[in-house]
Amino acid sequence: MILSEIVITEKSIVTDLKVSDKKEALKILTDSLFEQGFIYDSFYESLISRDENFPTGLEAFDIGIAIPHTEPKHVKQDSIAVAV
């Protein structure tokens, strides 16, 4: 993966996200990536499975940060989705 080939679009940035749990947040973000054609429909389930076995969440000061990810076989185009 070359960093200059990673796509981030305005549709992939969600501000003022209001959700009840991390799965709901991840679903919103993966739906955005799927609608843009960046991932396969298998991505979300694989992401959840991986995060349950190998959590990516970190506590940084009073802010929770996570960089959930899964295997490349679920990806069509390297991309990033962000929620704040």
Q.
For the stretch 1-37, give me the residue count where each residue is touching a strand residue (DSSP E or B) at 6+ places or on another chain (Cβ under 9 Å), of a type outside the set (A, V, I, L, M, F, W, C) and surrounded by 13 or more Cβ atoms within 10 Å (Cβ to Cβ).
A. 6
Q: Could you list, in sequence order, all residues of the stretch 1-37 that are of a type in the set (A, V, I, L, M, F, W, C), part of a helix (DSSP H, G or I) and either out of contact with any helix residue (DSSP H, G or I) (no Cβ under 8 Å at 6 or more places or on another chain) or over 15 Å from residue 79 (Cα atoms) (or both)?
A: 3, 25, 28
Q) Any idea which of 7, 14 is touching a Phe, Trp or Tyr at 6+ places or on another chain (Cβ under 7 Å) and touching a residue at least 24 places away in the same chain (Cβ under 8 Å)? A) 7
Q. Is the stretch 53-66 home to any residue that is modelled with pLDDT of 95 or more and small (Gly, Ala, Ser)?
A. no
Q: Would you check which residues across the stretch 38-73 are surrounded by 14 or more Cβ atoms within 10 Å (Cβ to Cβ), touching a residue at least 24 places away in the same chain (Cβ under 8 Å), of a type outside the set (Ser, Thr, Tyr) and not in a helix (DSSP H, G or I) and list them?
A: 38, 39, 66, 68
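The values are calculated or read from the model by the stated rules, or taken from the named source; none is laboratory data. All values reported here derive from a predicted model rather than from experimental measurement. Because the Cβ atoms are built from the backbone with ideal geometry, glycine has one as well, and the counts that use them run over all protein chains shown.
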